[in-house]
Each structure stands twice: as C-alpha cells, then as structure tokens.
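One structure is given below, encoded as structure tokens.
The values are calculated or read from the model by the stated rules, or taken from the named source; none is laboratory data. Quantities reported herein were computed from a predicted structural model and do not represent experimental measurements. No Cβ is skipped: glycine too gets one built from the backbone with ideal geometry, and neighbour counts run over all protein chains shown. Only protein heavy atoms, including side chains, enter the accessible area calculation; ligands, DNA and RNA are left aside. Shrake-Rupley method; radii C 1.70, N 1.55, O 1.52, S 1.80 Å.
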Amino acid sequence: MKTKSFLLLSSLTLTTLFYSCSQNQEKDIKDLMVEKSTICFQAISEKDTGWLRIDTIKSQIIGLITFNYGNVTNYDGQFKGKMYGDTLKGHYDFKVNKVDKWYRNPVAFLKRDGKLTMGVGKFYMYFGSAYFDDKRKIDYEKGKFIFEITDCK
C-alpha cells in the first residue's frame, strides 16, 4: 500500500512540475528581461517580418523572437544565447501558429554596422535537439532576415 501511495504521489509531483515548467516557459523569459538593457530589432523580407527583442545585460543573452511569414504562419518564441566576438549564437524555442507544441532550432546572428544578420547553416539532430554543424560555416550572405534596431513597443 505504501509503495502505491508513494508512486502516485511521485507521479503527481512530477506531472505538476513538468506541466508548470512547460506552461511558464515563455512567461519566465519575459519576466527575466530588464527593460533598461533590452534592445528591439525588426527585419522585413518581402512579405515576411521578424521581430527580435533581446536583453544584453548578462553574459547569457535572452529574448523573444517572432516571425510572420506572409501573415499565414506565425513562429513565436524565446531566445537564449551568447556573444562570440561579432556573432550571437544560441537556440530558439518556438511555437507555430500558437499550437501548444514547442520546437527548438539553433540560430546565429552576425553583428555588422549595428544590424544583426540571421545566418543560414547546416545542422544536425542530437538527442532531439538541433545544433549547427561546426564543420561547416554559417552563411550570413544568404540570410533572409537583417534585423535593424527599432523602438520597443
């Protein structure tokens, strides 16, 4: 009887913990961002638009990223990464069209002339997460989105 009670209590605790973490994942990034050190960017490429809002106060840069592709598909999520010289690299956790399923992709931005150019590169999957292939260069010339500083709204 004690074993069944312990297993039931353990599974309820773990379920609650996982549910709480997944439900508050996006909110936590917003709450952690400091307004004074937050910089906002916007990129427009034909009918597609991207918004990037990052907090640069700590060594780990956190932020929010949204992409609208022709007002049909919306990618909305959060960013965590670090600066390596003139390159901001990290991962982007996002939902597609607000469906309650999270995805993760690696992202890299090259900082030039006050702008952030999003790079394109080969990546591989490792235990369900995507990573850039270190053996191949990230191509910033093929980058579709060039983010320019804008007012935070």
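Output the pairs from 98/153; 95/122; 58/137; 30/111; 89/137 with a Cα-Cα distance over 18 Å in this structure; if there are none, say none. As for pairs spanning more than 18 Å Cα to Cα, those are 98/153; 95/122; 58/137; 30/111.
Computed from backbone phi with θ = phi - 60° and the Karplus coefficients 6.51, -1.76 and 1.60, the 3J(HN,Hα) list for region 46-62 is 6, 8, 9, 9, x, 10, 10, 10, 10, 9, 10, 6, 10, 5, 8, 8, 10 Hz; x is used for glycine and proline. Derived scalar couplings between HN and Hα for region 67-81 equal 10, 10, 9, x, 6, 10, 10, 10, 10, 9, x, 10, 10, 9, x Hz in order, rounded to whole Hz, by the Karplus curve 6.51 cos²θ - 1.76 cosθ + 1.60 (θ = phi - 60°), x for Gly and Pro.
Kindly provide the trypsin sites (Lys or Arg not before Pro) of region 33-80 that DSSP labels as loop, not H, G, I, E or B, and whose Cβ sees at most 16 other Cβ atoms within 10 Å.
On the way: sites: 36, 47, 53, 58, 80; in loops: 47, 58.
Within region 33-80, the qualifying trypsin sites (Lys or Arg not before Pro) (loop, at most 16 other Cβ atoms within 10 Å) are 47, 58.
For residue 143, the amide hydrogen comes within under 5 Å of the amide hydrogens of 120, counting only partners 5 or more places away or on other chains and with H modelled in the peptide plane. The heavy atoms of residue 83 offer some 80 square angstrom of accessible surface to a 1.4 angstrom probe.
Note on residue 102 and residue 32: the model spin-label points, each 7 Å out from Cα along the C-beta direction, lie 1.1 nm apart. Projected label points at residue 115 and residue 133, each 7 Å from Cα along the beta carbon direction, are separated by 2.8 nanometres.
Using heavy atoms of the protein chains and a probe of 1.4 Å, the accessible area assigned to residue 141 is about 140 Å². Amide H to amide H distances under 5 Å link residue 92 with 105, 107, where only residues 5 or more positions off or on other chains count and H is placed in the peptide plane. Structural size metrics of region 51-127, computed from C-alpha coordinates, are Rg and Dmax of 13.0, 37 Å.
Loop-located chymotrypsin sites (Phe, Trp or Tyr not before Pro) in region 70-134 (DSSP state not H, G, I, E or B) with no more than 10 neighbouring Cβ atoms inside 10 Å: 127.
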